[in-house]
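Structure, as structure tokens:
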Amino acid sequence: MNAVTTTPDQAQYLGFNIADEEYAIGILRVKEILEYDTITRVPGTPPSIRGVINLRGSVVPVVDLALKFGLPESPITKRTCIVVVEVDLDGDRTVMGVMADAVSQVMDLAGGDIQPPPAFGTRVHMDHLLGMGKAGKKFILLLDIDRILSVNELTEVTKLQELLPPPSPAPADAVV
């Protein structure tokens with residue numbers, strides 16, 4: 001499983017909202033959560049790649065999962081943030097940002113709280129889900145971030161990182 005194991009039968013996930021639906025990613029894949037800031041759009045990238053950010057001198061592509069799931073582009077609000085995640089690209093770890101309308105919680109889910117994904121009724125392809133996490137009376141879609149950010153999309157990101165010059169490092173007195 002792609003999550004921090006807190007007991008043999010329990011894992012942690014970061015919950016976040018996109019278009020009024022709650023999703024979660026295994027906490028081990030999450031590097032950090034950033035307040036939404038300037039994203040530089042890059043021509044020729046797929047529509048779901050909103051652009052790139054400068055993360056302490058590194059070029060990090062940002063994906064809008066709402067567009068990836070066939071929904072309208074996520075509106076930018078005070079609660080919009082970028083969840084920086086690590087994904088596997090042919091065995092190598094690649095850092096990417098995922099836009100979220102808001103981060104909701106870190107949750108502990110026992111193995112018995114995770115059900116197989118339903119055969120219908122979700123906006124996400126079935127192979128993009130690890131399962132459905134029971135949280136009280138509702139379910140949260142547990143995302144397989146490696147499958148959502150497909151090899152083709154990650155290849156586009158790699159090309160993008162190679163084409164762009166490295167961003168200028170933040171000044172020594174800048175707050176990071």
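From 126, 132, grab the single residue that is crowded, with 18+ Cβ neighbours inside 10 Å, out of contact with any Gly (no Cβ under 8 Å at 6 or more places or on another chain) and either polar (S, T, N, Q) or at pLDDT 60 or above (or both).
Working: 126 fails: crowded, with 18+ Cβ neighbours inside 10 Å.
After applying the criteria, what remains is 132.
Might you let me know whether the stretch 86-95 holds any residue that is buried (at least 20 other Cβ atoms within 10 Å of the Cβ), part of a strand (DSSP E or B) and under 16 Å from the mean Cα position of the chain (by Cα)? Before the answer, list the steps.
The initial filter retains those residues of the stretch 86-95 that are buried (at least 20 other Cβ atoms within 10 Å of the Cβ), namely 87.
Cutting the leftovers down to part of a strand (DSSP E or B) gives us 87.
Narrowing further to those that are under 16 Å from the mean Cα position of the chain (by Cα): 87.
Yes.
If you take the residues of the stretch 30-54 that are surrounded by 15 or more Cβ atoms within 10 Å (Cβ to Cβ) and either among the acidic types (Asp, Glu) or out of contact with any strand residue (DSSP E or B) (no Cβ under 7 Å at 6 or more places or on another chain) (or both), which of them is farthest from residue 12 (Cα to Cα)?
So the residue we want is 45.
Just to check your reading of the model, which residue among 80, 94 is within 16 Å of residue 148 (Cα to Cα) and of a type in the set (S, T, N, Q)? Steps first, answer last, please.
On the way: 80 fails: within 16 Å of residue 148 (Cα to Cα).
Going through 80, 94 in turn, the sole match is 94.
Kindly indicate whether any position in the stretch 70-80 is touching a Ser or Thr at 6+ places or on another chain (Cβ under 6 Å) and without any contact (Cβ under 8 Å) to a residue 40 or more places away in the chain. Show your work before the answer.
At the first step, the residues of the stretch 70-80 found to be touching a Ser or Thr at 6+ places or on another chain (Cβ under 6 Å) are none.
Scanning the stretch 70-80, I find no residue that is touching a Ser or Thr at 6+ places or on another chain (Cβ under 6 Å) and without any contact (Cβ under 8 Å) to a residue 40 or more places away in the chain, so the answer is no.
Going by the structure shown, is residue 62 surrounded by 13 or more Cβ atoms within 10 Å (Cβ to Cβ), in contact (Cβ under 8 Å) with a residue 12 or more places away in the chain, under 11 Å from the mean Cα position of the chain (by Cα) and under 21 Å from residue 129 (Cβ atoms)?
Numbers: surrounded by 13 or more Cβ atoms within 10 Å (Cβ to Cβ): yes; in contact (Cβ under 8 Å) with a residue 12 or more places away in the chain: yes; under 11 Å from the mean Cα position of the chain (by Cα): yes; under 21 Å from residue 129 (Cβ atoms): no.
When the stated conditions are applied, residue 62 does not pass them.
If only one of 61, 46, 75 is touching a helix residue (DSSP H, G or I) at 6+ places or on another chain (Cβ under 8 Å) and part of a loop (DSSP other than H, G, I, E, B), which one is it? Working first, answer last.
Numbers: 61 fails: part of a loop (DSSP other than H, G, I, E, B); 75 fails: touching a helix residue (DSSP H, G or I) at 6+ places or on another chain (Cβ under 8 Å).
Within the list 61, 46, 75, the selection yields 46.
Any residue in the stretch 128-141 that is among the charged types (D, E, K, R) sitting within a Cβ distance under 9 Å of a residue that is open to solvent by less than 20 Å² (accessible area, probe 1.4 Å)? List the pairs, counting only those 6 or more apart or interchain.
Within 9 Å, the pairs are 134/109; 134/140; 138/22.
Could you check the stretch 67-110 and list, in sequence order, the residues that are modelled with pLDDT of 90 or more and of a type in the set (Gly, Ala, Ser)?
The answer is 97, 100, 102, 104.
Looking at the stretch 8-22, which of the residues that are in a strand (DSSP E or B) and open to solvent by 50 Å² or more (accessible area, probe 1.4 Å) is farthest from residue 71 (Cα to Cα)? Even if it seems obvious, please write down each step before you answer.
Residues of the stretch 8-22 in a strand (DSSP E or B): 10-18, 21-22.
Still in the list and also open to solvent by 50 Å² or more (accessible area, probe 1.4 Å): 10, 21.
Working: 10: 32, 21: 11 Å.
Taking the candidates together, the pick is 10.
The values are calculated or read from the model by the stated rules, or taken from the named source; none is laboratory data. What you see is a predicted model; the values in this text were computed from it and never measured. Cβ coordinates were reconstructed from backbone atoms using ideal geometry, including for glycine residues, and neighbour counts include every protein chain displayed. Ligands, DNA and RNA are stripped out before the accessible areas are found, and what is left, the full protein with its side chains, is counted by its heavy atoms. Shrake-Rupley method; radii C 1.70, N 1.55, O 1.52, S 1.80 Å.
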